[in-house]
Amino acid sequence: MTSCSVHDPVAKKKKDVRRVRKAEVLKGEGNALYMRGEHRAAHAKYTDAITLSRNAILYANRAAASLSLNEYLDAACDAHQATQLDPKYSKGWGRLAKAYDVCSWLTLRGSLHTDLLS
């Protein structure tokens, strides 16, 4: 009887480990890009990493990149996902608060501008 890798738990575990390692490499690349101010490229690296390994740190890092790109709703979604995956990860909560704060301010500012024009 031959072993089928689909049903082989050892093969699956090895594949999962490779995916997590590749995600860690992509995260490191994203972090380096982020530190150089290349936020769009960093965002793309974090996105690639998330396709391999969903974890709070990757979502929080992508939220940070989105905040730097002034993409506040995307940042809020990613930060929220980070808090769902790991409720104890404080950076997820911090980025969620910042995204909500900016969204609230922009909404208020838009309302005030509309009132002034009326």
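Quick notes
- Criterion applied to Glu24, Glu29 was being at pLDDT 95 or above and open to solvent by 80 Å² or more (accessible area, probe 1.4 Å), and the one residue passing it is Glu24.
- Selection status of Thr47, within 26 Å of Cys103 (Cα to Cα), of a type in the set (Val, Ile, Thr) and not in a loop (DSSP other than H, G, I, E, B): yes
- Pairs where the first residue, in segment 51-70, is without any contact (Cβ under 8 Å) to a residue 40 or more places away in the chain and assigned to a helix (DSSP H, G or I) and the second is acidic (Asp, Glu) and open to solvent by 40 Å² or more (accessible area, probe 1.4 Å), C-beta under 7 Å, 6+ apart: Ala56/Asp86; Ser66/Asp74
- Subset of segment 50-86 [over 25 Å from Lys13 (Cα atoms) and either open to solvent by 60 Å² or more (accessible area, probe 1.4 Å) or in contact with a Ser or Thr (Cβ under 8 Å, 6 or more places away or on another chain) (or both)]: Arg62, Asn70, Tyr72, Leu73, Asp74, Ala75, Cys77, Asp78, His80
The values are calculated or read from the model by the stated rules, or taken from the named source; none is laboratory data. These numbers were taken from a predicted model, which means no experiment stands behind them. Here Cβ is always computed from backbone atoms with ideal geometry, including for glycine, and neighbour counts include all displayed protein chains. Areas reflect the complete protein model, heavy atoms only, side chains present, ligands, DNA and RNA absent. Shrake-Rupley method; radii C 1.70, N 1.55, O 1.52, S 1.80 Å.
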